[in-house]
1. What are the residues in region A:60-91 that are in a strand (DSSP E or B) and β-branched (Val, Ile, Thr), if any?
2. Would it be correct to say that B:ARG201 is within 16 Å of ligand 3 (Cβ to nearest atom) and touching a residue at least 12 places away in the same chain (Cβ under 8 Å)?
3. Can you confirm whether region B:66-82 contains a residue that is surrounded by fewer than 22 Cβ atoms within 10 Å (Cβ to Cβ), among the polar types (S, T, N, Q) and more than 11 Å from chain A (Cβ to nearest Cβ)?
4. Could you list all residues from region B:534-549 that are open to solvent by less than 30 Å² (accessible area, probe 1.4 Å) and over 13 Å from B:MET524 (Cα atoms)?
5. Of a type in the set (Val, Ile, Thr), farther than 24 Å from A:SER114 by Cβ, more than 7 Å from chain B (Cβ to nearest Cβ) and surrounded by fewer than 23 Cβ atoms within 10 Å (Cβ to Cβ): is that true of A:VAL172 in this structure?
6. Can you tell me which residue among A:CYS362, A:CYS366 is under 20 Å from A:CYS149 (Cβ atoms) and either in contact with a strand residue (DSSP E or B) (Cβ under 8 Å, 6 or more places away or on another chain) or more than 14 Å from chain B (Cβ to nearest Cβ) (or both)?
7. If we scan region B:158-176, do we find a residue that is farther than 22 Å from B:ILE13 by Cα, of a type in the set (Lys, Arg), away from ligand 3 (no atom under 16 Å from the Cβ) and modelled with pLDDT of 85 or more?
8. Quick check on B:HIS108: is it surrounded by fewer than 21 Cβ atoms within 10 Å (Cβ to Cβ) and within 14 Å of ligand 2 (Cβ to nearest atom)?
Amino acid sequence: MTIQALYCKMTKARFSEFGKAQKWIRRGASLQHFRWKYFPDRSIPSSLQALNRVVFQYLAEPLCHPARSAYVNLFAPCEILHAFDLYPMFVESLATFLNGFSCEDLAVDQSESSGLSETLCSFHKTFIGGAERGALPKPLFAMASSVLCDANTKTFLHVAKRLGIPALLIDVPYTPSPEAVRYVSDQLQDVVKQVEDISGKPFRIDRLREVLALENETKRLMAECLEALALKAFPNHLTLEMGRLMLTHTGIGRPESSQCFQALVRDIRNAPPRSGKAIFWIQVIPFFDPTLRARFNYASDYQLLGMDINFDDLEPLPLDDPLFSLAKKIVNHVFNGPFNRRIDWILGLMDRLKPDGVVYFCQWGCKQSSGGAAMMADALKTKGIPCLVLDGDAADRRNMPQGQTKTRVEAFLEMLP
Amino acid sequence: MIGYLCKYTPVEILHGFSETFERIEPITQSVCCADGMLHPNLCSYARAVLETCLEKKITGLVLTNCCDSVRRLYDVALNDPRFTWVEFIDLPRKHDASAVAYFEGEVHRFLERARRFFPRSFNEERFFRSIPRLRPSNPEPDPNPPFPPVRLALTGARIHPDLKAWFMSYPVSIVADTTCTNPDRGDIFQGEISSLKTYARALLNQTPCMRMNRAGGLAEPLLRSRPEGIVYQTVKFCDFYGYDYALLRGELEPPLLKIETDYTTGSVGQLKTRFEAFLESILARREPKKPSSIPFGLLKGEPEMRNDLQKLRVVAGIDVGSTSVNVVLMDENHRILATSIVKTGPKSGLGARNALDEALATARLSLSDIRYIVSTGYGRAVASFSHEAVTEITCHARGALWLDRNVRTVIDIGGQDSKVMRIDSNGELKDFVMNDKCAAGTGKFLEMMARTLELEIEDLGPASLRAKEKVMISSMCTVFAESEVISLIAQNKETPDIIKGLCDSVATRTAALVSRVGKEERVMMTGGVAKNVGVVNSLSERLQTDLVLPPEPQIVGAIGAALIALERGHPPRPLSE
Ligand code: SF4
Ligand code: SF4
Ligand code: SF4
């Protein structure tokens, strides 16, 4: 047994006792950060070493400083937190991290036995269970927007109520329109006031402008990565691709994120031309699945180009009215509104990235993605891009049928022209 | 024809255009057309709506921004040429000033789009006239209920009108309904409605559904109606309910019953069991001092017959389960005279009779010697010769307590379902959960796996004891578990190890049920699976307690039924206070 496996086992053994596992989880994140900072794996490109380091930094910071953190979801306006120097505690990544400790079953069971629906997305069940068992620390407040799935605002309201912390919820209308932007921008004004009250810090609009400027710079680099990726063979790793979400979303606007993308642009440009098959992934990745790991992690014959959510928004934000820009960003997001928007966007992205095949993952409990699977697969196939619709669970390994995944994925890869 | 789903839909506007419309309340046999278009993990209701629209040729659809399933239903309908008018109204989750302003705008925009679509013009007067202002009167109550009606509140997701009507066929009165389908629109428009603005505002401010982000949640409006019990209705793959349910469950005094339907095949038999057991437990609470006699039961006998019971000598309890019929004959000194366990077979009425005859033969008695018969179990209604039918939940609780008076938690794993009951020292039911949605964690699951392994079901328990290596069967779903077992066989894993893995998986599932009602010692295990030593060991390890195993775990329900039959020997207590 490796030291890491032993550490996970010992953490898991402490999970059932309230609050016991928290220290172990926090230390796990800090140790990983330490390791990537001082003893990185030199066999991988330096930009990926940096990416690993920043992912664990973003994970460890809020765990170590819960009194300066807030639970957030993927489409929460975290730029506001950065302007207040608060840390986003991104709950899907916490769920993923608990999965890394193989603790997700205990967390999911905890949520289900408290009465939550078994058909709720396992990311949310893991997070709720972890918070209720005290495995995750209690932050200052919770902040979530309703974008992307039903579970969002409900989960945050629920956990906030259980822990007795304020919940700052942003209700985002589904159809992009000027009225919708106004409604959201009203709410953001409100959020800022509430964060001022809760944290006791004053809001400085210029600080938010700086964050947005850095965000724009990062997006420019992300777009350069995208163009380079279309031609080059650059290795990737399933877990890293999931971790990257913290750079492209909750941590966007921080200097570390943009530095990382700068390094990536450099390394990808210097990589050899694409030779093997390139696969694009839609929705979350079950990074622990043995078949997928064997096929994609730092592999050259099958290159994982990336996951759609990491390319979802490359539009620069106007800096004159930062809160209004943020409202517009959330409302006009391609994941909001009719699914046709998302299909058109993916098709456009495929023109730029030119993958050999696409995997569309239907996460257990994720109605928003599962419901669009047939439409997206049809659209891709019409365009001549092979698409595999894969059912499973990227958060709870008990719902991830290994045998079936192996057969399907391997047959799909064999089938690629 | 235009269909709509949600109580927040501004349907009165459609009146203004003299359009006909209906709220879609499907019950379909299966969702075959919708299958290819909407993933099977989407809400069963949303899928059934699509099926119904295609079947009934509903070509107009007005949706609200309710949930992910409805949003995807919208996308599918939008891209399907069979729909001519698909509308989507954005519904805020909040209700502060800016949310109200936004919704007012939405209603206005809906009206403008409708103006462009419909040939007839919008008649404002007709619109205002159609706004319901009065509370519709409740249906006439039963003039002679056997007991004062049970005050029930309904909440959760959608509740099919047929199901609600079926609830109403019992002596109950519905004192609140916060589901999506509350038809009581008169409730909504209480104040002055003189403009589109005031109309929209009233619509948004109605009693919130479970989707809304209201800090108080659902508890407050429900409790205001002082219900004796709350029925929490959910739809398969609808997750909204869970949050409120989890909070309500811990905090509320009135007992909660959670039921789940899938809008396709109604498993009414089991709903019946749960609903009756729920009413039984509410009635038992009305008289906590005298819980020994359960007042609720479907008395089938004539009044003369009940008086006859004083001469009672031998009674029978008969548990008609899905796989076996179990009979207990008991005399008035609580001695068990005979028992029998017979396979139910395809005709459960016949199986029940055979089992009774077998027990009678063992005791050398004939049917006329039996003074009172209580039937229980899934098929309790088919035992035409019984005097009374009582749910197996109540019977199990009674039987278990009689066998061991220190038992507080009863785990029953039968062929088709598993359930866990918590009881107090009087045998009064405190809480129960049932898993009847799928075969996972039941006897059926083990039976199917035994077949995959080409073994007899009886062999599983002993074989599991020979396990050496730990094998995980992680899948909770029977179909997935079967493929896991096959791949384990292919990996040359030892059969005892696989069997142990299977037993562990049933035990894990069951332990989760136990934690939902809360474990209180001592814990008894009953039902056919209690004979499987592998499951018993694994479960007792997980629950960290020794399980009490009755000498014959399959007849506990029948014992309870016999005990209830004996109680009927005393002059029947009036049913109402
Ligand atoms: S996987 Fe789907 S349901 Fe789960 S958090 Fe993400 S978007 Fe929501
Ligand atoms: S949950 Fe609410 S929004 Fe959804 S259909 Fe029901 S009443 Fe309408
Ligand atoms: S039952 Fe639930 S999931 Fe289904 S349409 Fe209603 S709110 Fe949506």
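1. Once the filter is applied, which keeps residues that are in a strand (DSSP E or B) and β-branched (Val, Ile, Thr), region A:60-91 yields only A:VAL72.
2. Numbers: within 16 Å of ligand 3 (Cβ to nearest atom): no; touching a residue at least 12 places away in the same chain (Cβ under 8 Å): yes.
The answer is no for B:ARG201.
3. no
4. Within region B:534-549, B:GLY534, B:VAL535, B:SER538 meet the criteria.
5. no
6. Numbers: A:CYS366 fails: either in contact with a strand residue (DSSP E or B) (Cβ under 8 Å, 6 or more places away or on another chain) or more than 14 Å from chain B (Cβ to nearest Cβ) (or both).
Testing whether each residue is under 20 Å from A:CYS149 (Cβ atoms) and either in contact with a strand residue (DSSP E or B) (Cβ under 8 Å, 6 or more places away or on another chain) or more than 14 Å from chain B (Cβ to nearest Cβ) (or both) leaves just A:CYS362.
7. Looking through region B:158-176, none of the residues is farther than 22 Å from B:ILE13 by Cα, of a type in the set (Lys, Arg), away from ligand 3 (no atom under 16 Å from the Cβ) and modelled with pLDDT of 85 or more.
8. Details: surrounded by fewer than 21 Cβ atoms within 10 Å (Cβ to Cβ): yes; within 14 Å of ligand 2 (Cβ to nearest atom): no.
So B:HIS108 does not fit the description; no.
The values are calculated or read from the model by the stated rules, or taken from the named source; none is laboratory data. None of the values given here were measured: they were computed from a predicted structure. Cβ sites come from the backbone with ideal geometry, for glycine too, and all protein chains shown count toward neighbours. Heads up: the accessible areas ignore ligands, DNA and RNA and are worked out on the full protein's heavy atoms, side chains in. Shrake-Rupley method; radii C 1.70, N 1.55, O 1.52, S 1.80 Å.
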